[in-house]
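The values are calculated or read from the model by the stated rules, or taken from the named source; none is laboratory data. These numbers were taken from a predicted model, which means no experiment stands behind them. So basically every Cβ, Gly included, is an ideal-geometry build from the backbone, and we count neighbours across all protein chains shown. Surface accessibility is based on the protein's heavy atoms, side chains included, excluding ligands, DNA and RNA. Shrake-Rupley method; radii C 1.70, N 1.55, O 1.52, S 1.80 Å.
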Amino acid sequence: MAKRLGVYVCECGTNIADKVDIDKVLAAVSALKDVEVADRYKLLCSGDGQGYLKQSITENGLTHLVVAACSPKQHETTFMKVCEQAGLNPYLFQLVNIREQCAWVTPDGEEATDKAIRQIRAAISRVHYHTALEKKGMECNPDVLVIGGGIAGIKASQILAAPDRKVYLVEKTASLGGKTKRFSKLFVNMESGPGLIAGEIERLQKSKNIEVLTESEAEQILGFLGNFEVKVVSKAEDKEDKEQNFNVGAVVLATGFELFDAKGLPQYGYGTLDDVYTSLDFEEMNLADGPTQGKVLLKNGQPPKSAAIIHCVGRAEKGYCSKVCCLYSFKFDRMLQSQLPGVKIAHFYSDLCIPGKANQKFYEDTRESGVEFVRSAVTEIAGGDKGLTVKYETETGAKGDLAVDMVILLPAMETSSDARKFAEMLNIPQDDKGFLAEEHQLLSPVASAVEGVFVIGCARGPQSIAESIVQAEAAAGKILSALVPGRKLELEVKTSQILESFCTGCKTCIEVCPYGAITFDEDRRISVVNEVLCHGCGNCAAACPSGAARLKHFTFPQIYQELKEVLR
Amino acid sequence: MAPDDKGALFPAEGGVRERVIAFLQKAISQGCFDAVLMPAKAPGTDSFAYSLIGDGQLLKNAYPLPPVMSVQGAKAISSLTRSGKGKKKIAALIRPCELRATVELFKLGQVDLENIWLISIDCPGALPLAEWAKDPKKAEDAFAEILKGGPSESIRPICQICDKFSTTGAEDLHIGVPGKEASGILLIPNSPKGEAILDCLGIAAGEDISGWKDQVDKLTGARVEKKRQAQKELEAKSKGLDKLLDTFSKCINCHNCMRVCPICYCRQCFFESDNMQFSFEDYLKRAEAAGGLRLPPDTLLFHIGRMLHMSLSCVSCGACEDACPTAIPVAQVFSLVGNRNQEAFDYIPGRSRDEPPPLRVYQEEEFEEVEQSHAAVPAKQEARDG
């Protein structure tokens, strides 16, 4: 069938018309091969303009369309829709940006006009080589993968699970509950941590739509909102590794935190002196099923008569405040006082961080109960026959010693060791502290930079339990509104394809694909594109030495034809 | 991994060829490997070809260092293992440039080295294929003199400036050829697989090889200087589009250079694919614009394109130049461009099996000077306009 091209130049009000001599442009291009119509219009993107374009396509029986107007970022989709309405495949259309690239940047009118002619000629030359491409769609997958079985992951799973939505909750360790199940009491209401977690796990287990995979890790996650392909490997100690593959529509990362290793600061004596504990050690000691059946005891089996609580261990090294340590340290005071009446407690701190509606009162009550607060820097914890000595220096430079039986360190919270793995796997950035970064600190705090991947709880920075749960609910809300069962996803049309007869199997394309969309077929020894995962970035087509990888709509002849006319 | 100053002396008599064959015969009889892939003379002819030899007796036809490089060894190994490894243990005895090309192909998934033992040997160079074809007997005699240490002016120009004629670091075992006075050849292991060969032969790498090494280093130094000089002269003759057009003006578009190149591993060359077929009108337009058009078109583009595709992996083996029917110094030009590109990425093709080809790795901080020079363009423009 003979080609019938239409070329339309938009005046863009005065934006283009004032600089570019449109009549000269039309005269220069109207005689080019297969050009059926060449015309100008005041404002093609307006309702009237679109109507005119549609009518002109139909009346002239156009097979290909070139529009010279503004940036494709602004109106490419507008004109593609017009094509569809006029029954023309939208990929048989090429937009030329003569506003930003000619009218606005080239000071001389004549030069701008010549440049516009050159670019339109290139588009005409290119569009001859376009082929009709078909849109592809798939139904979005409403299921969700939650990684991390702590309080944040548990709450997110509970909210998300529904009869038409399955949740996979993947936990690295053997049991759910995360750090919370090790906290005998919770700030601020002194509720039992294990008790609270047990209730939540019970609720979780009642749901038929949550599949809990313990001793399991996500090894590969590829895809995008509505369609992630997931590989999970279960590594139970006494069983063979079991691999599971499934698809989900969204991923929630609730990978939690770890404590700063206090051994890295030897002046605190952790790991070398008896009766120096971290906050987590102390929590453990208070658990009914802990090493001392819940009793606070010194290593020699005696109850301590005095204790020092050292704040901000590792804060300077990490460079941030972990924001919950001050609060839970007041909880420690109550736990010590309730077991050991008359126990003397001293806090060594440089700053106290106690925001929140109930917290100031809790602190003041603690202070009134006789707990001492010493604003100072701790220079050393020394050991000796009679117990421990806290050596400190106040702001005025005064030095002091305090003998105590027990020392509890409050180490900074740091990112979980898995953060890097998931950052790399999912292509989401880590912040300068190593936590998984939010899309926007203020406006989009639980979304990550990758659509469909959410970061909640301590995976994105130190959080309280309440904050973690709020974030779980926020992420769940976003997912519920985005992943409506039955919703159609539009897939990338301009994907890459690898021609079997050209592929030598050097795997270069696999290494340069940022989306994990290319796999190697060992039997045929060639690379294969997963068109659902392909975003059409063209890396593979550029890197393939033999031209086996080709990007639809950016084929070699199309680019060549365009360049040839630009350079001629 | 560079070998330290220790190797094993394999005692043997005769010329280099006899000594190497003695080593291979012993290794096969001891079961160190099942077969050898190496050049051999086809019975009853003057031709050399890569042969897979499993019978120690047949090794008498083998030529570890034939006078010419008729087929690049990397291509032979690739044709054997491209679709996967075999069960037999095969020792491939090849020249250092062939070995380096093999390593490049390994990185590109075109050879499987699991059951291949790569053995290289000190290389005296090779004669131009065309010279040998004129009179094989004469060429063989001339080469025998070179092997004995005679003058080497007749070896290929690319071999005369080769500074990587000995151990490359990526082989399993290197055969060092010491001076005439030595009572054998040096076996220098460079990997656990290479050490296994010595274990199998029951000899230890206890020999001081510094004498041999000094000899290699001295020649390397001389070659580096010679190469610098030769490349400077070549650059003066071929730099810039006009001179490059001149250099390749004799090209007859046979694409032999691409076909024999070990690094050109594509099933179909991009320049022979439909990507490079244009319409009559296209050609006409080009002819109109330029005042004329050479047909078939894109002759120089083919060479520049090939350079772009393979020069980072070019090992300067000279196969392309040997295959050129019109005596274009293809290998010398490609080696010059390849060396410059490789220097830019601090990459030596075939140096290591673990070093990824430069274009497969992305570094955020690199070539800042190039970025700077581009960033400076608008500023210059402004100055001009102002």
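Tally the residues that are farther than 14 Å from B:ALA126 by Cβ and either of a type in the set (D, E, K, R) or assigned to a loop (DSSP other than H, G, I, E, B) (or both), restricting the search to region B:67-115. Counting residues in region B:67-115 that are farther than 14 Å from B:ALA126 by Cβ and either of a type in the set (D, E, K, R) or assigned to a loop (DSSP other than H, G, I, E, B) (or both) gives 20.
Highlighted here are the strands (runs of 3 or more DSSP E) found entirely within region A:297-396 that include at least 2 residues which are aromatic (Phe, Trp, Tyr): A:344-349.
Can you find a residue in region A:29-37 that is at pLDDT 95 or above and either in a helix (DSSP H, G or I) or not assigned by TED's automatic domain parsing to the domain that holds A:VAL105 (or both)? The answer is yes, given that some residue of region A:29-37 is at pLDDT 95 or above and either in a helix (DSSP H, G or I) or not assigned by TED's automatic domain parsing to the domain that holds A:VAL105 (or both).
Got at least one residue in region B:159-179 being part of a helix (DSSP H, G or I) and within 21 Å of the chain's Cα centre (by Cα)? For region B:159-179, residues part of a helix (DSSP H, G or I) and within 21 Å of the chain's Cα centre (by Cα): present. Any residue at all in region A:55-66 that is away from chain B (no Cβ under 14 Å), open to solvent by less than 20 Å² (accessible area, probe 1.4 Å), outside any loop (DSSP other than H, G, I, E, B) and under 16 Å from A:ALA116 (Cα atoms)? So far as region A:55-66 goes, yes, one or more of its residues are away from chain B (no Cβ under 14 Å), open to solvent by less than 20 Å² (accessible area, probe 1.4 Å), outside any loop (DSSP other than H, G, I, E, B) and under 16 Å from A:ALA116 (Cα atoms). In region A:53-64, the residues that are farther than 19 Å from A:ALA132 by Cα and at pLDDT below 95 never reach a residue that is small (Gly, Ala, Ser) and open to solvent by 10 Å² or more (accessible area, probe 1.4 Å) with C-beta atoms less than 9 angstrom apart, at least six apart or across chains.
Tell me, which residue of region A:503-516 that is crowded, with 21+ Cβ neighbours inside 10 Å and more than 16 Å from B:PRO357 (Cα to Cα) is nearest to the other protein chains (Cβ to nearest Cβ)? Here the residue is A:THR504. Please determine whether any residue of region A:210-217 is open to solvent by 50 Å² or more (accessible area, probe 1.4 Å), among the acidic types (Asp, Glu), outside any strand (DSSP E or B) and modelled with pLDDT under 95. No: region A:210-217 contains no residue that is open to solvent by 50 Å² or more (accessible area, probe 1.4 Å), among the acidic types (Asp, Glu), outside any strand (DSSP E or B) and modelled with pLDDT under 95. For region A:517-539, a residue qualifies if it is within 12 Å of chain B (Cβ to nearest Cβ) and open to solvent by 10 Å² or more (accessible area, probe 1.4 Å), and the qualifying residues are A:PHE520, A:GLU522, A:ASP523, A:ARG524, A:ARG525, A:ASN539. Being within 20 Å of B:LEU99 (Cβ to Cβ), open to solvent by 40 Å² or more (accessible area, probe 1.4 Å) and not small (Gly, Ala, Ser): is that true of B:LEU24 here? No, not satisfied.
Taking strands (runs of 3 or more DSSP E) as the structural unit, those lying wholly within region A:84-189 and holding at least 1 residues that are modelled with pLDDT under 95 and either in the same structural domain as A:ALA38 (by TED's automatic domain parsing) or within 30 Å of A:LEU483 (Cα to Cα) (or both) correspond to A:136-139.
Among residues of region A:481-502 being open to solvent by 60 Å² or more (accessible area, probe 1.4 Å) and within 17 Å of A:LEU133 (Cβ to Cβ), the one that is nearest to the other protein chains (Cβ to nearest Cβ) is A:GLN497.
Residues that are of a type in the set (Gly, Ala, Ser) and surrounded by 20 or more Cβ atoms within 10 Å (Cβ to Cβ) were ranked within region B:108-126; the one that is farthest from B:ILE161 (Cα to Cα) is B:SER120. Taken as a whole, the condition of being touching a residue at least 24 places away in the same chain (Cβ under 8 Å) and either open to solvent by 10 Å² or more (accessible area, probe 1.4 Å) or over 22 Å from B:GLU355 (Cα atoms) (or both) applies to B:LEU129. Mind checking which residues of region A:93-116 are buried (at least 19 other Cβ atoms within 10 Å of the Cβ) and over 12 Å from A:ILE16 (Cα atoms)? Scanning region A:93-116 gives A:PHE93, A:GLN94, A:LEU95, A:VAL96, A:LYS115. Sub-7 Å Cβ pairs linking a first residue in region B:68-81 that is among the β-branched types (Val, Ile, Thr) to a second residue that is assigned to a helix (DSSP H, G or I) and open to solvent by 10 Å² or more (accessible area, probe 1.4 Å), at least 6 apart or interchain, are B:VAL68/B:LEU129; B:VAL68/B:TRP132, ordered by first then second residue. Set side by side, the residues A:VAL82, A:VAL35, A:VAL25 differ, and just one is farther than 28 Å from A:LYS135 by Cβ and in contact with a helix residue (DSSP H, G or I) (Cβ under 9 Å, 6 or more places away or on another chain), which is A:VAL25.
Considering only residues in region A:540-568 that are in a loop (DSSP other than H, G, I, E, B) and within 14 Å of chain B (Cβ to nearest Cβ), the one that is surrounded by the fewest Cβ atoms within 10 Å (Cβ to Cβ) turns out to be A:ARG568.
This table checks each residue for (1) surrounded by fewer than 17 Cβ atoms within 10 Å (Cβ to Cβ); (2) closer than 24 Å to A:ASP281 by Cβ; (3) among the hydrophobic types (A, V, I, L, M, F, W, C); (4) touching a His at 6+ places or on another chain (Cβ under 9 Å).
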| residue | (1), (2), (3), (4) |
| --- | --- |
| A:GLY319 | yes, no, no, no |
| A:VAL371 | no, yes, yes, yes |
| A:LYS386 | yes, yes, no, no |
| A:TYR392 | no, yes, no, no |
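Are any of the residues in region B:53-61 closer than 24 Å to B:LYS164 by Cβ and open to solvent by 10 Å² or more (accessible area, probe 1.4 Å)? Scanning region B:53-61, I find no residue that is closer than 24 Å to B:LYS164 by Cβ and open to solvent by 10 Å² or more (accessible area, probe 1.4 Å), so the answer is no.
Looking only at region B:240-260, filter to residues that are open to solvent by 90 Å² or more (accessible area, probe 1.4 Å) and touching a residue at least 60 places away in the same chain (Cβ under 8 Å); which one of those is nearest to the other protein chains (Cβ to nearest Cβ)? Looking at residues that are open to solvent by 90 Å² or more (accessible area, probe 1.4 Å) and touching a residue at least 60 places away in the same chain (Cβ under 8 Å), I get B:ARG259. The single condition among (1) under 20 Å from the mean Cα position of the chain (by Cα); (2) among the aliphatic types (A, V, I, L, M); (3) open to solvent by less than 10 Å² (accessible area, probe 1.4 Å) that B:ALA222 does not satisfy is (3). For region B:261-311, a residue qualifies if it is within 12 Å of another protein chain (Cβ to nearest Cβ), more than 22 Å from B:PHE106 (Cβ to Cβ) and aromatic (Phe, Trp, Tyr), and the qualifying residues are B:PHE270, B:PHE271, B:PHE278, B:TYR283.
Strands (runs of 3 or more DSSP E) fully within region A:410-509 that include at least 2 residues being modelled with pLDDT under 95: A:488-491.
Yes/no matrix, rows are residues, columns are (1) among the polar types (S, T, N, Q); (2) out of contact with any Asp or Glu (no Cβ under 9 Å at 6 or more places or on another chain):
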site	(1), (2)
A:LYS305	no, no
A:ILE309	no, no
A:SER322	yes, no
A:LEU327	no, yes
A:LEU340	no, yes
A:THR389	yes, no
A:ALA398	no, yes
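When B:GLU104 is tested against the conditions (1) within 14 Å of chain A (Cβ to nearest Cβ); (2) touching a strand residue (DSSP E or B) at 6+ places or on another chain (Cβ under 7 Å); (3) of a type in the set (Asp, Glu), the lone failure is (2).
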